[in-house]
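The values are calculated or read from the model by the stated rules, or taken from the named source; none is laboratory data. Please read these numbers as outputs of a predicted model, since none were measured by experiment. All Cβ positions, even for glycine, are placed from backbone atoms using ideal geometry, and neighbour counts span all protein chains on display. Accessible surface areas use protein heavy atoms only, side chains included; no ligands, DNA or RNA. Shrake-Rupley method; radii C 1.70, N 1.55, O 1.52, S 1.80 Å.
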Amino acid sequence: MDPLKNNNFKIEIDNIIQGGFRECTGLSIKVEAIEYREGGDRAPRKIPGKITYSPITLKWGATDSTALYDWYEQVVQGFIPEFLYKKDGSVVLLADDMQTEIKRWNFYGAWPSEYVTPALTTKDKDIDIAIESITLTCDRIELSR
């Protein structure tokens, strides 16, 4: 089998519609190793412990859409109950035709913990795209089967 390309993907988050994501990082799961010893054992054994899910960072070319920022603002204001600001979503890896789904990672109970505005400058002669980013903290990540 050929390795999969990493540049064809889309993000789905409940009812938020935001296109043109440039980058998605942080889809990682870690299981802590707990060491213990039995009786006269000199070398410790290891068993699985606490599971942690890394924050997911999404970057996109800035547009006039404020859907992701509005979600972040709900968390900052803190006026709504947890079940209203936590959202489920997916990162979907697509085939070259940009339609066929190859893999899907689902995340659950996500909420935006950081929003970064685009870096703005007039010093460069070359014009670059303004990039916004948002970091999502989530309760769980899993590969869909």
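Residues considered: Leu94, Leu84. Of these, the only one that is among the aliphatic types (A, V, I, L, M), on the phi < 0 side of the Ramachandran plot and within 18 Å of the chain's Cα centre (by Cα) is Leu94. If you check Lys46, Lys50 for being over 16 Å from the mean Cα position of the chain (by Cα), closer than 30 Å to Tyr115 by Cα, at pLDDT 90 or above and not in a loop (DSSP other than H, G, I, E, B), only one passes: Lys50.
Restricting attention to the range 1-39, the residues that are at pLDDT below 85 and either among the aromatic types (Phe, Trp, Tyr) or part of a loop (DSSP other than H, G, I, E, B) (or both) total 11.
Going residue by residue through the range 47-58, is there one that turns out to be small (Gly, Ala, Ser), in contact (Cβ under 8 Å) with a residue 24 or more places away in the chain and closer than 19 Å to Thr135 by Cβ? Yes - at least one qualifying residue is present in the range 47-58. Beta carbons closer than 9 Å, at least 6 apart along the sequence or on distinct chains, pair a first residue in the range 62-77 that is farther than 15 Å from Thr117 by Cα and part of a helix (DSSP H, G or I) with a second that is open to solvent by less than 80 Å² (accessible area, probe 1.4 Å) and modelled with pLDDT under 90 for Gln74/Ile80; Gln74/Tyr85; Val75/Tyr85. Name the residues in the range 12-46 that are free of Cβ contacts under 8 Å to residues at least 24 places away in the same chain and among the basic types (Lys, Arg), would you? Arg37, Arg42, Arg45, Lys46, listed by residue number. Restricting the range 127-145 to residues that are in a loop (DSSP other than H, G, I, E, B) and among the β-branched types (Val, Ile, Thr) leaves a set whose member that is surrounded by the fewest Cβ atoms within 10 Å (Cβ to Cβ) is Ile127. Consider the range 71-126 and keep the residues that are surrounded by 11 or more Cβ atoms within 10 Å (Cβ to Cβ) and aromatic (Phe, Trp, Tyr). The one that is modelled with the lowest pLDDT is Tyr85.
Checking each residue in the range 8-24 for being closer than 12 Å to Ile134 by Cβ, within 13 Å of the chain's Cα centre (by Cα) and of a type outside the set (D, E, K, R) picks out Ile11, Ile13, Phe21, Cys24. Being β-branched (Val, Ile, Thr), touching a residue at least 40 places away in the same chain (Cβ under 8 Å), farther than 19 Å from Arg22 by Cα and out of contact with any helix residue (DSSP H, G or I) (no Cβ under 7 Å at 6 or more places or on another chain) is a condition met by no residue of the range 98-105.
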